[in-house]
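Written out below as structure tokens is the structure these notes cover.
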Amino acid sequence: MSDRINVSITDGVADVRLTRPDKMNALDEAMFAALVATGERLKVEPGLRAVVLSGEGRAFCAGLDMGNFGRMAQGPAEGAAKSESGGGGLGARTHGLANRAQYAVWVWQEIPVPVIAAIHGVAFGGGFQLALGADMRFVTADARLAILEIKWGLVPDMAGTQILWRLAREDVIRELTYTGRVFSGAEALTYGLATRVCADPHAEALSVAREIAGKSPDAIRAAKRLLAAAPLDGPAAGLMRESVEQGALIGSPNQVEAIKANMAQRAPIFADG
């Protein structure tokens with residue numbers, strides 16, 4: 001994993017960096033495997049409070065490695081599909097509800113704490129979909145992003161279609177998908193596809209992650225569960241889910257600590273579950 005992704009954890013904040021800068025962190029077999037392995041590790045990491053996901057070098061992630069396109073051009077398509085999905089073709093559900101390429105993005109949705117993607121340079125195709133897997137996206141104004149799959153005669157197939165509709169207007173999503181148009185970080189903010197535009201997304205993402213890490217970990221994890229379920233719940237199920245989560249929090253040790261710390265105007269000391 002270390003030749004594709006580096007993970008350092010300080011005070012509950014995981015700093016996850018794609019480390020293939022010579023290829024603009026493009027997605028090859030080793031990168032897919034590293035993304036899945038890293039996500040699965042962080043899902044059960046003790047004491048984790050927040051995650052920052054970024055890329056080293058000139059880009060966040062340039063998308064699928066060119067070698068993959070070369071194999072697709074040689075055919076048959078099933079061979080490339082088996083390689084990208086981890087074997088068995090794209091339809092094989094090798095990772096729960098997803099194939100491997102989809103899970104390389106979806107796993108960040110399943111990490112129980114907030115994930116912030118820090119984006120600079122480019123986030124094209126699969127790289128843009130990887131950013132969509134995060135809870136928030138901090139971008140430079142001049143970052144270049146694109147749903148680029150149409151350029152290669154393909155469709156977004158790394159969970160992007162399942163996340164995009166939560167963020168942007170349907171007509172905007174369709175235009176970007178049908179054309180493959182490259183848009184800037186500043187534009188992404190206006191579309192709802194970026195959370196913040198900042199000069200140094202990595203530094204700002206770490207700052208926000210540390211702020212989150214200072215909040216009750218029980219409440220943060222409950223909030224992520226609620227927000228993840230909201231698009232799937234109807235009003236009755238959603239309101240009941242709120243009540244169940246809140247009922248479990250009220251009077252719990254970390255909730256009591258939050259009250260005591262605020263009343264005493266001191267920094268809280270939370271316990272990890």
Discussion item. Within segment 76-106, take every residue that is in a loop (DSSP other than H, G, I, E, B) and either touching a His at 6+ places or on another chain (Cβ under 8 Å) or not small (Gly, Ala, Ser) (or both) and give me the one that is modelled with the lowest pLDDT.
Written reply: Pro76
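State yes or no: is Ala188 among the small types (Gly, Ala, Ser) and surrounded by 14 or more Cβ atoms within 10 Å (Cβ to Cβ)?
Details: among the small types (Gly, Ala, Ser): yes; surrounded by 14 or more Cβ atoms within 10 Å (Cβ to Cβ): yes.
Answer is yes for this residue.
Every residue, every condition in (1) of a type in the set (Ser, Thr, Tyr); (2) outside any helix (DSSP H, G or I); (3) over 23 Å from Leu48 (Cα atoms), yes or no:
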| residue | (1), (2), (3) |
| --- | --- |
| Asp233 | no, yes, yes |
| Gly238 | no, no, yes |
| Arg241 | no, no, yes |
| Glu245 | no, no, no |
| Asn254 | no, no, no |
| Ala258 | no, no, no |
| Pro268 | no, yes, no |
Worksheet item: Can you name the residue in segment 159-176 that is over 19 Å from the mean Cα position of the chain (by Cα) and within 29 Å of Gly89 (Cβ to Cβ) and, of all such residues, is surrounded by the most Cβ atoms within 10 Å (Cβ to Cβ)?
Response: Leu176
Practice prompt. Give just the number: which of (1) surrounded by fewer than 16 Cβ atoms within 10 Å (Cβ to Cβ); (2) not in a helix (DSSP H, G or I) does Pro156 not satisfy?
Written response: (1)
Item to complete: Check segment 63-70 and report whether any residue there is of a type outside the set (A, V, I, L, M, F, W, C), in the same structural domain as Gly126 (by TED's automatic domain parsing), part of a helix (DSSP H, G or I) and free of Cβ contacts under 8 Å to residues at least 24 places away in the same chain.
Response: yes
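Within the group Val208, Val256, which residue is under 22 Å from the mean Cα position of the chain (by Cα) and either closer than 24 Å to Ala14 by Cβ or at pLDDT 95 or above (or both)?
Checking each option against the conditions leaves just Val208.
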Worksheet item: Quick check: is even one residue across segment 157-166 without any contact (Cβ under 8 Å) to a residue 60 or more places away in the chain and hydroxyl-bearing (Ser, Thr, Tyr)?
Response: yes
Worksheet item: Taking segment 32-66 as the search range and keeping residues that are modelled with pLDDT of 95 or more and acidic (Asp, Glu), which one is nearest to Val13 (Cα to Cα)?
Response: Glu45
Discussion item. With the requirement that a residue be in a helix (DSSP H, G or I) and of a type in the set (Lys, Arg), what does segment 120-153 give you?
Written reply: Lys151
Worksheet item: Within segment 49-60, can you find the residues that are over 13 Å from Trp108 (Cβ atoms), touching a helix residue (DSSP H, G or I) at 6+ places or on another chain (Cβ under 7 Å) and crowded, with 21+ Cβ neighbours inside 10 Å?
Response: Arg49, Phe60
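The values are calculated or read from the model by the stated rules, or taken from the named source; none is laboratory data. This one's a predicted model, so the numbers in the text were calculated from it and none came from an experiment. Here the Cβ is made from the backbone with ideal geometry for all residues, glycine too, and neighbour counts use every protein chain on show.
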